[in-house]
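The values are calculated or read from the model by the stated rules, or taken from the named source; none is laboratory data. Remember, predicted model here, so these are calculated numbers, not experimental data. No Cβ is skipped: glycine too gets one built from the backbone with ideal geometry, and neighbour counts run over all protein chains shown.
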Amino acid sequence: MIGVELRLMLRRRRVWLCWVLLCTLPTLVAILLATTRLAPPPGRGGAFLSAVTSNGQIFPAAALALVIPIFLPITVAIVAGDTVAGEASAGTLRYLLVRPVGRVRLLLAKLISVAAFVLLAVLFVTLVSYVVGVAAFGFGPDASLGGTGAIPSLSGVELTPVDVVARTATTVGYLALCMLALGAVGLFFSTLTDSPLAATLGVLAFVVASAALQPLDAASAIEPYLPTSHWLAWIDLFRDPILWTNVRGGALVQLGYVVVAFGAAWANFSTKDVTT
Amino acid sequence: MAARVTRRWVLVAAGTAAVVGAAAVTLPAAGSDEPAEALRAGVLAGIPAHVGYAESTGRLGLPEIPALEQVTALFTGVTQLRAYVAGPDRWRVDELTPAGERDTYRRDGREYLWDFGANQLTTVEGETPVRLPRAADLVPSELARRLVGLTRGDPVTSLDPRRIAGYSAAGFRIAPADPDTTVGRIDVWCDPASGLPLRVEVAARTDDRPLLFTEFLEVALNAPDDRTLTPAVPPGAGAVTAEAADLAGALRQLDAAEPPARLAGRARVPLGSGLPGVGVYGSGVAGFVLVPASRGIADRVIDGAAAAGGTPVDVPVGRAARVSTPLLSVVARGGIRRGGVLLAGTVAPAVLEQAVRELPGRRA
Amino acid sequence: MIVATSGLTKRFGRVTAVRDVTLEVPRGVRFGLLGPNGSGKTTLVRMLLGLVHATSGSIEVLGEPMPRRARVVLPRVGALVEGPAAWGHLSGRANLRLLDAAGPGRSRHRRKRVDAVLEQVGLGGIDRRPVRAYSLGMRQRLGIAAALLREPELLLLDEPTNGLDPRGIQEMRALLTSLNEAGTTVVLSSHLLTEVEALCTHVGVMDAGRLALDSELAALRTPTGRVLVRTPEPDAVVGLLDGQVVDRRGDTVTVRGVEPATLNARLVAGGVRVTGLSEERRTLEQVVLELTGSGTDRVDRSPHGRRPEGPR
């Protein structure tokens with residue numbers, strides 16, 4: 001079933017469209033920055049954007065910071081909201097269930113396909129923006145002097161290429177986990193309704209609500225439990241030494257969301273009447 | 001059927017509660033029989049080497065003061081800090097911002113400032129007796145050392161222990177006796193074994209809630225390695241050297257008058273090297289500082305004060321305004337020589353008002 | 001019994017879609033479930049497949065309780081529920097392959113298996129067009145092909161001839177009959193009488209959630225006690241048997257209260273030419289109309305305030 005799910009996902013035009021759109025925004029930003037050379041002043045604009053014009057290798061970090069707040073959640077909401085509700089509205093859900101595919105197995109396969117989607121999405125953004133960044137801004141100041149084009153950490157210490165790859169891989173994993181948590185919530189919403197659109201909008205409402213509560217002092221007690229609070233913690237991976245506190249805490253919260261949302265999806269879907 | 005549905009949901013609810021509970025529940029703190037006086041003495045005796053991550057929260061409600069935004073931010077928001085402390089003269093503190101960091105290194109009698117946003121490492125030579133507050137001052141160990149040092153003679157009482165960063169921290173409270181200070185209490189929790197302060201709370205007399213509190217979320221009692229304490233300049237970044245005394249030079253430009261020997265009944269604290277025009281008055285936490293400012297800055301503060309709910313102060317010459325928060329009072333006055341002055345301190349606003357009136361006006 | 005339910009009831013909120021249905025389908029038959037739209041046929045089929053959970057009552061399919069043993073039962077059942085459905089962006093063949101891969105069982109011979117069922121339903125030559133571009137009839141055939149994957153012992157088909165043209169219906173009937181002769185039990189639901197009458201050996205009639213009738217088709221079609229006489233001289237027949245003629249339509253005269261043999265003798269004796277003489281049997285239509293009320297798609301003003309019931 002998992003293989004079937006993955007094949008189904010990879011053959012959906014919508015999924016590829018999401019990936020293309022995700023990669024387009026950073027590319028557009030890179031082109032605009034490269035042509036105008038008007039980087040935002042330090043401390044303003046997106047994270048890392050001020051630094052990319054001097055070293056294109058930082059651009060993946062800037063690109064991730066660009067797509068995380070809105071674009072990535074939207075695509076995750078679309079794909080996750082479609083998981084069960086989409087099959088239900090197309091009618092294929094009943095045929096899968098009488099094949100038979102166990103309901104828990106179906107949910108698990110859906111969750112895994114969402115995980116594959118987000119992982120590939122983050123990976124594509126990282127790879128595309130690396131290529132675009134290097135093409136637009138070069139390898140950095142010391143490359144022209146015969147250096148290796150190293151990437152500086154936020155703390156000023158240069159990172160070795162191996163280090164950069166390791167940290168980037170951790171970032172990709174961490175962000176995929178953050179988005180998977182959102183995907184699990186989407187999966188749950190998707191079992192509640194037969195309309196994929198309703199589930200997608202539900203996920204977006206969830207993101208917006210979380211982002212709205214986050215800066216409120218009155219909500220500081222629940223702030224650590226909000227999913228959006230941890231979305232930028234990966235930046236700590238580019239400090240030196242790495243600050244693991246927030247990344248670890250964030251990963252635990254996101255895992256908690258995955259477990260709870262999947263549990264809720266299971267509780268709702270196991271005995272749900274499939275009437276579509 | 002219905003029973004099965006409910007059973008599943010009960011299971012999910014229980015799981016959720018377990019997940020949230022595991023995150024929210026903290027172990028109870030073990031009590032300590034160390035007397036409060038001994039804990040204070042432990043903090044005064046010296047801070048052990050440590051590496052930690054701390055968060056400081058300020059709720060002073062200060063208005064934006066022009067040219068001092070970075071300082072006011074420290075007292076009005078959350079500051080994330082990373083401290084690597086090997087000793088009093090060998091440490092590094094990072095102020096973490098969402099997309100960068102400002103790191104202060106101290107070693108070999110020099111200070112280094114790395115600012116990722118500016119992509120620049122500044123080496124600061126020398127030292128000044130008075131400087132603006134900075135993020136490194138808010139690390140719990142440093143803040144505790146400073147505040148406890150200022151209140152050596154004040155009464156101290158014990159507080160309930162707390163669980164902080166995995167330690168059972170013993171607490172003590174210092175209530176400053178000086179009637180003129182705005183500081184109501186200083187609460188410090190520290191690891192009784194090593195004497196490392198883990199949390200500091202400062203509350204005003206008028207408000208029981210802490211207005212400034214800082215706490216280690218993670219800390220280890222080991223010395224940071226040398227590599228961590230070594231500032232680096234990545235390729236492409238700027239490296240500049242500044243003299244700490246440059247500040248004195250800037251002050252000299254203002255051609256400020258020698259500060260009076262006494263203000264508002266408080267003696268001037270003698271400062272080592274010369275910072276012309278700067279005076280520190282009073283002792284302990286009931287002190288304030290007098291800083292000459294350019295006319296432009298003084299005027300902007302006075303104008304800004306009106307917008308931020310400050311009150312004008314009557315002075316013989318020129319104009320002045322006061323911004324008071326429960327903990328910190330600030331008074332700005334223009335019309336002194338060619339510029340103005342700023343007075344700030346954790347004292348009652350009336351003290352600063354009196355002080356600003358006592359200042360001699362424009363020279364005839 | 002290949003399907004046996006007892007006291008099966010399903011309520012959706014305040015609406016009772018299926019009410020106390022006790023149904024038994026013997027192995028090897030062709031069972032037709034008749035009933036107007038909204039009479040609960042689809043809900044019943046869904047419950048047999050474990051898609052909808054019964055409010056009360058029990059279900060056994062292939063001798064195993066459902067939905068508890070769905071994992072064992074469903075691989076041996078082929079189903080078409082409320083119209084076919086497929087992933088519109090894939091071709092029919094890809095759809096079947098994925099569906100086959102989704103279920104339990106080995107992947108060996110998948111290609112052959114898929115080709116075989118496509119051949120069976122007359123889609124052997126389909127190209128790589130996505131299902132989105134299929135006609136209604138092609139989708140219906142694809143749906144039936146999906147049900148035939150893995151050679152089920154029991155076929156549960158909800159409205160299998162929807163969207164098919166007369167030739168298609170004919171083909172489907174032939175297919176189902178031949179499968180049945182090879183040992184597959186066929187249960188189909190339909191709101192079309194002719195459909196069931198033409199294909200089934202057993203019939204159940206649903207009305208407003210109840211099973212109003214469960215019987216062999218042959219047993220239903222009992223003689224009415226009337227005789228149909230076909231004659232070129234209907235006037236002569238009416239004259240001869242005045243008082244016993246019930247109806248006269250063209251060259252057919254309906255006569256009651258007489259044995260066919262006696263009637264024949266009397267007509268011959270009266271010199272009336274007879275081209276045909278047969279016992280009148282009840283049609284399924286009559287039976288159904290006697291048993292059922294109107295479906296849920298007709299909403300009458302009700303003097304008793306009773307609302308028609310059906311699934312939401």
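So that you can scan it fast, the table gives a plain yes or no per residue for (1) more than 9 Å from chain B (Cβ to nearest Cβ); (2) of a type in the set (A, V, I, L, M):
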residue: A:Ala211; (1), (2): yes, yes
residue: A:Asp217; (1), (2): no, no
residue: A:Tyr225; (1), (2): no, no
residue: A:Thr228; (1), (2): yes, no
residue: A:Trp234; (1), (2): yes, no
residue: A:Pro241; (1), (2): no, no
residue: A:Ala251; (1), (2): yes, yes
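Give the residue, chosen from A:Val84, A:Val76, A:Val101, that is outside any helix (DSSP H, G or I) and touching a residue at least 24 places away in the same chain (Cβ under 8 Å).
Just a single option satisfies the conditions, and that option is A:Val101.
Checking every residue in region C:77-94 against the condition of being loosely packed, with under 15 Cβ neighbours inside 10 Å and closer than 30 Å to C:Asp20 by Cβ gives zero matches. As for region B:19-31, it holds at least one residue that is outside any strand (DSSP E or B), buried (at least 17 other Cβ atoms within 10 Å of the Cβ) and within 14 Å of chain A (Cβ to nearest Cβ). Apart from one condition, A:Ile58 fits all of (1) modelled with pLDDT under 90; (2) over 26 Å from A:Met179 (Cα atoms); the exception is (2). Select from region C:57-74 the residues that are out of contact with any helix residue (DSSP H, G or I) (no Cβ under 8 Å at 6 or more places or on another chain) and either aliphatic (A, V, I, L, M) or within 7 Å of chain A (Cβ to nearest Cβ) (or both) and list them in ascending order. Answer for region C:57-74, where residues must be out of contact with any helix residue (DSSP H, G or I) (no Cβ under 8 Å at 6 or more places or on another chain) and either aliphatic (A, V, I, L, M) or within 7 Å of chain A (Cβ to nearest Cβ) (or both): C:Ala70, C:Arg71, C:Val72, C:Val73, C:Leu74.
Matching residues to (1) in contact (Cβ under 8 Å) with a residue 60 or more places away in the chain; (2) assigned to a helix (DSSP H, G or I); (3) touching a Ser or Thr at 6+ places or on another chain (Cβ under 6 Å):
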position: A:Ala205; (1), (2), (3): no, yes, no
position: A:Pro215; (1), (2), (3): no, no, no
position: A:Asp240; (1), (2), (3): yes, no, yes
position: A:Asn246; (1), (2), (3): no, yes, no
position: A:Ala251; (1), (2), (3): yes, yes, no
position: A:Ala261; (1), (2), (3): yes, yes, no
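Out of the residues in region A:263-276 that are buried (at least 21 other Cβ atoms within 10 Å of the Cβ) and farther than 26 Å from C:Lys41 by Cβ, which is farthest from the other protein chains (Cβ to nearest Cβ)? Selected residue: A:Ala265. Of the residues screened, A:Thr275 is one that is in contact with a Pro (Cβ under 8 Å, 6 or more places away or on another chain), closer than 30 Å to A:Asp194 by Cα, at pLDDT below 90 and among the hydroxyl-bearing types (Ser, Thr, Tyr). Picking from residues in region C:146-164 that are buried (at least 22 other Cβ atoms within 10 Å of the Cβ) and of a type in the set (Gly, Ala, Ser), the one that is farthest from C:His109 (Cα to Cα) is C:Ala147. Is it true that some residue in region B:123-130 is buried (at least 17 other Cβ atoms within 10 Å of the Cβ) and at pLDDT 90 or above? Checked region B:123-130: no residue is buried (at least 17 other Cβ atoms within 10 Å of the Cβ) and at pLDDT 90 or above. Taking region A:71-107, which residues are at the interface with chain C (Cβ under 9 Å from one of its Cβ atoms), among the charged types (D, E, K, R) and farther than 12 Å from A:Val274 by Cβ? Within region A:71-107, just A:Arg99 meets the criteria.
None of C:Gly143, C:Gly183 is part of a helix (DSSP H, G or I) and under 15 Å from C:Val77 (Cβ atoms) except C:Gly143.
Would region A:216-228 turn up any residue that is under 15 Å from A:Leu177 (Cα atoms), surrounded by fewer than 16 Cβ atoms within 10 Å (Cβ to Cβ) and not β-branched (Val, Ile, Thr)? No; the residues of region A:216-228 include none that is under 15 Å from A:Leu177 (Cα atoms), surrounded by fewer than 16 Cβ atoms within 10 Å (Cβ to Cβ) and not β-branched (Val, Ile, Thr).
Is at least one residue of region C:116-132 touching a residue at least 40 places away in the same chain (Cβ under 8 Å) and buried (at least 20 other Cβ atoms within 10 Å of the Cβ)? Before you say what the answer is, go through the steps one by one.
Restricting attention to region C:116-132, the residues satisfying the condition of being touching a residue at least 40 places away in the same chain (Cβ under 8 Å) are C:120-122, C:130-132.
Next, from what is left, pick out any that are buried (at least 20 other Cβ atoms within 10 Å of the Cβ): C:121, C:131.
The answer is yes, given that some residue of region C:116-132 is touching a residue at least 40 places away in the same chain (Cβ under 8 Å) and buried (at least 20 other Cβ atoms within 10 Å of the Cβ).
Being charged (D, E, K, R) and in contact with a Gly (Cβ under 7 Å, 6 or more places away or on another chain) is a description that applies to A:Arg99. Screening region B:175-250 for strands (runs of 3 or more DSSP E) wholly inside it with 2 or more residues that are over 30 Å from B:Ala38 (Cβ atoms) and away from chain A (no Cβ under 14 Å) returns the ranges B:238-243.
Residue count for region A:229-256, restricted to those that are among the aromatic types (Phe, Trp, Tyr) and surrounded by fewer than 22 Cβ atoms within 10 Å (Cβ to Cβ): 1. Exactly one residue out of B:Ala267, B:Ala256, B:Ala220 is at pLDDT below 85 and touching a strand residue (DSSP E or B) at 6+ places or on another chain (Cβ under 9 Å): that is B:Ala256.
Exactly one residue among C:Val77, C:Val81 is in contact with a Lys or Arg (Cβ under 6 Å, 6 or more places away or on another chain) and facing chain A (nearest Cβ under 9 Å), and that residue is C:Val81.
Okay, residues lined up against (1) modelled with pLDDT under 90; (2) out of contact with any Ser or Thr (no Cβ under 9 Å at 6 or more places or on another chain); (3) farther than 26 Å from B:Gly52 by Cβ:
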site: A:Gly147; (1), (2), (3): yes, yes, yes
site: A:Ala199; (1), (2), (3): no, no, yes
site: A:Gly202; (1), (2), (3): no, no, yes
site: A:Pro224; (1), (2), (3): yes, yes, no
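Of the residues in region B:211-232, at least one is more than 29 Å from A:Ser153 (Cα to Cα), in contact (Cβ under 8 Å) with a residue 24 or more places away in the chain and crowded, with 21+ Cβ neighbours inside 10 Å. Residues in region A:85-102: is at least one under 26 Å from A:Ala251 (Cβ atoms) and not acidic (Asp, Glu)? Within region A:85-102 (the criterion being under 26 Å from A:Ala251 (Cβ atoms) and not acidic (Asp, Glu)), the answer is no, since none of the residues qualifies. Taking the criterion of being in contact (Cβ under 8 Å) with a residue 40 or more places away in the chain and small (Gly, Ala, Ser), the residues of region A:87-98 that qualify are A:Ala88, A:Ser89, A:Gly91. Would you confirm whether or not region A:15-27 contains a residue that is closer than 30 Å to A:Phe188 by Cβ, of a type in the set (A, V, I, L, M) and touching a residue at least 60 places away in the same chain (Cβ under 8 Å)? For region A:15-27, residues closer than 30 Å to A:Phe188 by Cβ, of a type in the set (A, V, I, L, M) and touching a residue at least 60 places away in the same chain (Cβ under 8 Å): present. Kindly indicate which of C:Arg27, C:Arg46 is closer than 23 Å to C:Thr161 by Cα, more than 13 Å from every other protein chain (Cβ to nearest Cβ) and not aliphatic (A, V, I, L, M). Going through C:Arg27, C:Arg46 in turn, the sole match is C:Arg27.
Residues checked against (1) farther than 12 Å from B:Val341 by Cα; (2) over 24 Å from the mean Cα position of the chain (by Cα); (3) touching a residue at least 40 places away in the same chain (Cβ under 8 Å):
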| residue | (1), (2), (3) |
| --- | --- |
| B:Ala257 | no, yes, yes |
| B:Val278 | no, no, yes |
| B:Val289 | no, no, yes |
| B:Thr311 | yes, yes, no |
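Set side by side, the residues C:Ala102, C:Ala86 differ, and just one is within 13 Å of chain A (Cβ to nearest Cβ), aliphatic (A, V, I, L, M) and in contact with a Ser or Thr (Cβ under 9 Å, 6 or more places away or on another chain), which is C:Ala86.
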